[in-house]
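Below is one structure, written out as structure tokens, with a few remarks after it.
The values are calculated or read from the model by the stated rules, or taken from the named source; none is laboratory data. What you are looking at is a predicted structure, and each value in this text was computed from that prediction instead of being measured. Cβ placement follows ideal geometry from the backbone for every residue including glycine, while neighbour counts extend to all protein chains displayed.
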């Protein structure tokens, strides 16, 4: 694979936590995109840690306006570039709260308009910037500050929203999932979006040390386990082509993934065994459905 | 040559916007703004405009799209009303804070509940503190001129703020009047292409919308200073427009027969025409009244108002909205402008909310109440004009 840009377009010295999955994703994404890119971000971790006034980490033009409108702002940027007859890539990089929840209507509108925009969601599976509140990207059984485990609670009672399927329902030109644990795969997918005209959606699984509760040296390991258990399927759907799925040879039991993180640790108690089993069932279903 | 056509107020706005050559328009339909965006869509469809029209999923997205296009250095326009303007409000605060010179039409319509599509000023009043410059117009010709002036004002590098042209829904947008449409060439001379001070550009990567640790008060103040500078610019641009096209509708304010007036009525928007007619009638009865039109609501022309009313015995302010728990917002601002000065007292009147018609009878009522207040020296906090008591039961 040839990457357009070898230099790092996310300057050092930003304010991400040690071991931040989203920061790893950003470096990889920008490396694949190159300099001729305008990035639009929603309010969230990435916005906060990259953009302190006068100390921006962005080496590409970047705009943040609000939490729920990054797709609409991108639509305007794209329309303006069309008017100016300029061809820079327009890429949204927003979190799961801004994508799955508050910004979903705007994203749906952008998909429907068929503009040449790539929407990348860094999915850390909760509202991390505000203190780990549950989002519709939060997985089943996960304990967050608004879906806490307790005497009468096993954590979040609903499964994770299937956002890539929602993107696919818009008949967009390219949908992919990726993980920071597989950088070559992620960068290849991001680079591919530059070759496809139309709306595109990539969802990147980005472990969060604070929100998920694991040691900051283990980010990649956690990301890998999510894929190896089948809980986070990695695939791509290019319009008109069969789905390509990342196969996993030696699948691991989900308990290994759950044990690694404080957000799931309550499920290892005997009385929560049913819930842990149900998460294993989600993995098994994914393995069957996607042919992992 | 300019041409005079009998057209709808919405068409006057659409023609003005077309003459300003925006690169991007994004809008979402809401009554009574719809005709404006329909006309503009048709102009684009007929290749009469070189404009990218972004059809969006909500007013929130309309404001967000022009936010993005303006930041990319392209002249941008949107329009909305009522609930739509409120849905935009979060974006409009950020747009002003980011100093993006978008022009929008605020087609005035009241706000739910109860739901109705009737006009009043409740919607744009809710955007009072956003940082938007707000210019109110009296008729279709002024709407035409003010949109062209608005782009020049917004894009001035000393200002760089969004400008909202406020016009009463239905009364102006859906009435047919003769409107003078100017030559494209002359409009181009008056309004050269937009030269952005900054823009999103891969050749010069800048960060827009940074996180502020400590800078908030200064950023907010800089918007205020820009509005202070806009006071001079609004008048200057209105005079330049007059020199170019022969029309002048006022700068920050306009006055009608105020010089020797004992009672000055202060108002905004389409009611001004009715008030001028009423003044002519009342003057024939030897009642010395005048009208002060507030054309610029933000920035608020406190000094200009003081200087226009200081010889009067009473200032009667007509508010087409109510700040619940306080009173009429315009009256409140006028009172603030006259406080601690040698100035006449202010009688705040709530009139014409929810599209209730402002007739000669009601204007006479306001004058009688003002006269009574002058003779008795007792000035009520608020006068409610044409209240239908049966609904209060």
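The residues of the stretch A:41-55 that are at the interface with another protein chain (Cβ under 7 Å from one of its Cβ atoms), touching a residue at least 12 places away in the same chain (Cβ under 8 Å) and surrounded by fewer than 23 Cβ atoms within 10 Å (Cβ to Cβ), listed by number, are A:48, A:52. Within the stretch A:17-40, being more than 13 Å from chain B (Cβ to nearest Cβ), part of a loop (DSSP other than H, G, I, E, B) and over 14 Å from the mean Cα position of the chain (by Cα) holds for A:17, A:18, A:19.
Could you tell me whether any residue of the stretch A:56-65 is under 18 Å from residue B:87 (Cβ atoms), at the interface with chain B (Cβ under 7 Å from one of its Cβ atoms) and without any contact (Cβ under 8 Å) to a residue 60 or more places away in the chain? Scanning the stretch A:56-65, I find at least one residue that is under 18 Å from residue B:87 (Cβ atoms), at the interface with chain B (Cβ under 7 Å from one of its Cβ atoms) and without any contact (Cβ under 8 Å) to a residue 60 or more places away in the chain, so the answer is yes. Restricting attention to the stretch B:207-222, and to residues there that are crowded, with 18+ Cβ neighbours inside 10 Å and either in contact with a helix residue (DSSP H, G or I) (Cβ under 8 Å, 6 or more places away or on another chain) or away from every other protein chain (no Cβ under 14 Å) (or both), which single residue is nearest to residue A:48 (Cα to Cα)? Result: B:211. Looking for something touching a strand residue (DSSP E or B) at 6+ places or on another chain (Cβ under 8 Å), more than 8 Å from chain A (Cβ to nearest Cβ), outside any strand (DSSP E or B) and surrounded by fewer than 24 Cβ atoms within 10 Å (Cβ to Cβ) - is there at least one such residue anywhere in the stretch B:37-49? Looking for residues that are touching a strand residue (DSSP E or B) at 6+ places or on another chain (Cβ under 8 Å), more than 8 Å from chain A (Cβ to nearest Cβ), outside any strand (DSSP E or B) and surrounded by fewer than 24 Cβ atoms within 10 Å (Cβ to Cβ), one finds at least one in the stretch B:37-49, hence yes. If the condition is being crowded, with 18+ Cβ neighbours inside 10 Å and in a strand (DSSP E or B), then the stretch B:1-36 contributes B:7, B:8, B:24, B:25, B:26, B:27. The residue list B:126, B:79 contains one member that is under 25 Å from residue B:193 (Cβ atoms) and away from chain A (no Cβ under 14 Å), which is B:79. The helices (runs of 4 or more DSSP H) found wholly in the stretch B:98-210 and carrying at least 3 residues that are free of Cβ contacts under 8 Å to residues at least 60 places away in the same chain, on the phi < 0 side of the Ramachandran plot and more than 14 Å from the chain's Cα centre (by Cα) occupy B:184-190.
Within the stretch B:278-288, the only residue that satisfies the criterion of being part of a loop (DSSP other than H, G, I, E, B) and either in the same structural domain as residue B:121 (by TED's automatic domain parsing) or touching a helix residue (DSSP H, G or I) at 6+ places or on another chain (Cβ under 8 Å) (or both) is B:287. Is one or more of the residues making up the stretch B:66-79 surrounded by fewer than 24 Cβ atoms within 10 Å (Cβ to Cβ), in contact with a helix residue (DSSP H, G or I) (Cβ under 9 Å, 6 or more places away or on another chain) and under 24 Å from residue A:62 (Cα atoms)? There is at least one residue in the stretch B:66-79 that is surrounded by fewer than 24 Cβ atoms within 10 Å (Cβ to Cβ), in contact with a helix residue (DSSP H, G or I) (Cβ under 9 Å, 6 or more places away or on another chain) and under 24 Å from residue A:62 (Cα atoms).
When residue A:224 is tested against (1) crowded, with 18+ Cβ neighbours inside 10 Å; (2) touching a residue at least 60 places away in the same chain (Cβ under 8 Å); (3) part of a helix (DSSP H, G or I), exactly one condition is not met: (2).
For the stretch A:116-129, the condition of being at the interface with chain B (Cβ under 7 Å from one of its Cβ atoms) and within 22 Å of residue B:77 (Cα to Cα) holds for none of the residues.
All of (1) in contact (Cβ under 8 Å) with a residue 40 or more places away in the chain; (2) buried (at least 24 other Cβ atoms within 10 Å of the Cβ) hold for residue A:76 with one exception: (1). Restricting attention to the stretch B:260-277, the residues being surrounded by fewer than 23 Cβ atoms within 10 Å (Cβ to Cβ) and either modelled with pLDDT under 95 or assigned to a strand (DSSP E or B) (or both) number 0.
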